[in-house]
1. List every residue whose amide H lies under 5 Å from the amide H of His74, counting only residues 5 or more places away in sequence or on a different chain, with H placed 1.01 Å from N in the peptide plane.
2. Only helices at least 27 Å long along their own axis, judged from Cα atoms, and with Kyte-Doolittle mean hydropathy of 1.0 or greater: name those in the chain from DSSP H.
3. In the chain, once you exclude exposed trypsin sites (Lys or Arg not before Pro) (DSSP loop, at most 14 other Cβ within 10 angstrom), what's the longest stretch remaining?
4. Take the chain, compute every pairwise Cα distance, and split them into 10 Å bins from 0; I just need the percent in each bin.
5. Can you list residues from other chains, or at least 5 along the same chain, whose modelled amide H is less than 5 Å from the amide H of Tyr42?
6. Assuming R0 = 35 Å, what is the FRET efficiency of Leu155 and Arg21, from their Cβ-Cβ distance, to the nearest 0.05?
7. What full-extension length gain, to one decimal in nm, is calculated for Val76 and Thr132 as 0.36 nm per residue of separation minus the Cα-Cα distance?
8. Which one, Glu113, Glu65, Glu26, has the greatest fluctuation when you compute a Gaussian network model over the chain with C-alpha springs under 10 angstrom?
Amino acid sequence: MIRLKINEVEALVGITRKNIRFYEAEGLLCPRRNSQNGYRDYGNAEVEALRRIKLLRKLGVPLEEIRQMQQGVHTVGDGMRRHLITLERERKNIESSLRLCAGLTDRQEPLEELDAQALLDEMAQLEREGTTFMNKQKQDTKRRRYVAPVLAAILMAVLMAGLIWLFLWAFAVDPAGAPPLPVLALFVVIPAAVVVGVIIALVQRIREIEQGEEDDAKRY
């Protein structure tokens, strides 16, 4: 029986560590705990389970449907038949959007003269009949989620860079009164390490915002 660490599973299956943890929290994956160190041990069963989850998620199957198939409530065929109904509904929604967009291709007036209310009324009627249109308004605010982590990272980096400059400036002004070089090097290395850590954390956070399974799962 193989025993893998989460970073090895991440590389083997092609699923991010965050997603693996998320699937564990959702009860779709239950790795064993190592009795000696308390760490999770992943084996062939967990790797295959993650591959199945990856396959089904790439097909757009909801998490709850995957859970039902894992528990044996639905077979693969049952689950996919149910998912086909959802895909068919989405196809009809796209066809409705295509018809409306195609109708607008013949309009020659500038945007300022477009009767948006008439089209919104038509869309509202289609929605009452069961059509669901894409709502890109929710994505318009997504970029705001970058602001806080980026500003925090910049602030911390500037602060640490200021400390480094202060230490080096003090050494240059009064070398005799400065601490020994090993201590000074430590004072410089620590803020520099903090800056590197902040940058790494920022990159990971941006990736989470772009690819986070938790946000994606909320659509189902």
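1. HN-HN under 5 Å from His74: Met69.
2. Helices meeting the criterion: 144-173, 181-211.
3. Answer - 6-106.
4. 6, 19, 20, 20, 16, 11, 6, 3, 0
5. Leu4
6. 0.80
7. 17.5 nm
8. Most flexible of the set in this elastic network: Glu113.
Bear in mind that the values in this text are calculations on the coordinates, not laboratory data. If you're wondering where the values come from, they're calculated on a predicted model, not measured in any experiment. Note: ideal-geometry Cβ built from the backbone for every residue, glycine included; neighbour counts use all protein chains shown.
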